[in-house]
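Peer 1: My questions will all concern the structure given below.
The values are calculated or read from the model by the stated rules, or taken from the named source; none is laboratory data. Here the structure is a predicted model, which is why all the values come from computation and not from measurement. Using ideal geometry, Cβ is built from the backbone for each residue, glycine included, and neighbour counts are taken over all protein chains shown.
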Amino acid sequence: MKRMHLHTYLILGILTVCLAASSLPATTILPSSQVGGTGFDDGNDTTPPVTSIILEGTVQGGVFISNVTVSFNATDDLSGVNATYFSFNTVNFSRYITPINISGDGNYTITYYSIDNIGNQETPKSTTFTIILIGPVQINITGGIGPIVTIKNIGTKNLVNIPFSIALDNGIYLYGQYRNGTISILAGETKTVRSFVIGLGEPTILVTVGYTHATMNAFVFGFLVVKL
């Protein structure tokens with residue numbers, strides 16, 4: 001007859017439980033690289049991980065006007081994600097560890113993919129974005145034949161293709177209630193933008209250049225704009 005070794009455990013100081021040593025399961029500790037999956041491969045894991053990219057920053061007019069923080073999120077339901085790799089503008093791939101901060105004007109392309117714990121590799125994906133860091137500008141709005149906007153680049157950096165908009169609320173307009181576009185201004189230079197309007201009302205005129213805003217209360221009669 002096989003001898004059984006009994007172990008006694010006191011649970012919460014109330015109930016005593018006896019277990020045979022031969023019935024105790026072995027303990028398995030999964031490595032941290034297997035987080036996101038079971039950590040085991042039964043021979044049926046042929047699916048690569050899925051990776052998404054996260055871009056954080058201030059967007060205006062379809063471009064970032066601030067530094068951009070890049071991070072990745074990868075998942076794998078079976079063996080788990082082993083590593084994520086990324087490349088900037090087709091330069092050599094690096095292993096992703098912590099979020100990356102990107103600064104400086106330019107067009108950027110990030111290519112990325114992940115590999116799971118048995119070697120299934122995701123097809124590389126790419127994301128493209130643009131950074132235009134906008135220096136300080138000074139905006140002045142006056143009336144006349146439509147709103148007249150003067151924009152001065154008071155920074156030390158030339159501004160190229162900076163988005164701007166001119167919008168009027170509170171009124172009836174046949175033309176010119178909203179205008180947008182881009183403008184380039186050398187450091188220290190002042191440029192004037194005229195916006196033609198036909199309407200009637202007492203709007204607040206909102207002008208946005210990059211991330212700088214200015215407003216003016218006005219009276220619009222036909223094509224004439226008068227500052228209130």
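Peer 1: For region 67-81, how many residues meet the condition of being surrounded by fewer than 17 Cβ atoms within 10 Å (Cβ to Cβ) and under 30 Å from Tyr211 (Cα atoms)? Can you show your working first?
Peer 2: Our first condition is that a residue be surrounded by fewer than 17 Cβ atoms within 10 Å (Cβ to Cβ); within region 67-81, this holds for 67, 69, 71, 73, 75, 77.
Retained after the next criterion (residues that are under 30 Å from Tyr211 (Cα atoms)): 67, 69, 71, 73.
Number satisfying all stated conditions: 4.
Peer 1: Quickly run through region 151-180 and pick out the residues that are under 23 Å from Leu224 (Cβ atoms) and loosely packed, with under 14 Cβ neighbours inside 10 Å. Full working, then the answer.
Peer 2: Looking only at region 151-180, we keep the residues that are under 23 Å from Leu224 (Cβ atoms), and these are 151, 164-180.
Asp169, Asn170, Ile172, Leu174, Tyr175, Tyr178, Asn180, listed by residue number.
Residue-by-condition table, conditions (1) among the acidic types (Asp, Glu); (2) modelled with pLDDT of 90 or more; (3) under 30 Å from Leu55 (Cβ atoms):
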| site | (1), (2), (3) |
| --- | --- |
| Asn140 | no, yes, no |
| Ile148 | no, yes, no |
| Asn158 | no, no, yes |
| Asn180 | no, yes, yes |
| Ile205 | no, yes, no |
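Peer 1: Given the structure, is Ser126 modelled with pLDDT under 90, polar (S, T, N, Q), outside the structural domain of Thr182 (by TED's automatic domain parsing) and within 29 Å of Val160 (Cα to Cα)? Walk me through how you get there before you give the answer.
Peer 2: On the way: modelled with pLDDT under 90: no; polar (S, T, N, Q): yes; outside the structural domain of Thr182 (by TED's automatic domain parsing): yes; within 29 Å of Val160 (Cα to Cα): yes.
No, not satisfied.
Peer 1: All but one of (1) touching a Phe, Trp or Tyr at 6+ places or on another chain (Cβ under 6 Å); (2) surrounded by 15 or more Cβ atoms within 10 Å (Cβ to Cβ); (3) touching a residue at least 60 places away in the same chain (Cβ under 8 Å); (4) not small (Gly, Ala, Ser) hold for Val226; which doesn't?
Peer 2: Unmet condition: (2).
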